[in-house]
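This report concerns only the one structure given below.
The values are calculated or read from the model by the stated rules, or taken from the named source; none is laboratory data. Only a predicted model underlies this, so the values are computations on that prediction, with no experimental measurement involved. Neighbour counts are summed over all protein chains in view; Cβ atoms, including those assigned to glycine, are modelled from backbone coordinates with ideal geometry. Only protein heavy atoms, including side chains, enter the accessible area calculation; ligands, DNA and RNA are left aside. Shrake-Rupley method; radii C 1.70, N 1.55, O 1.52, S 1.80 Å.
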Amino acid sequence: MYPERPRSNWWYLLPIFFSLIGGIIAYFAIRRDDPRKAKKCLYLGIILTMISIIINIGLVSVYESQIWSGVNI
């Protein structure tokens, strides 16, 4: 097992800016030095990805209903 070294909190910026991909990159970059922070980065990337998917689905449904509201078939 590798000795645990605390890593900088700057690693949280990767999943914040790049969602799931950033979380995966941060996880593999720091998993041996600080496994707890690596898992948190991965979870943060997953959560932010899910939030963006939910927001996009909501916005698309509102936009689609506005497009089709004035159409007579």
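The table that follows gives values for the structure above.
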item	result
Rounded to the nearest 10 Å², the accessible area of Leu13 at probe 1.4 Å	60 Å²
In nm, spacing of pseudo-spin labels at Val62 and Arg5 (7 Å Cα→C-beta vector)	4.7 nm
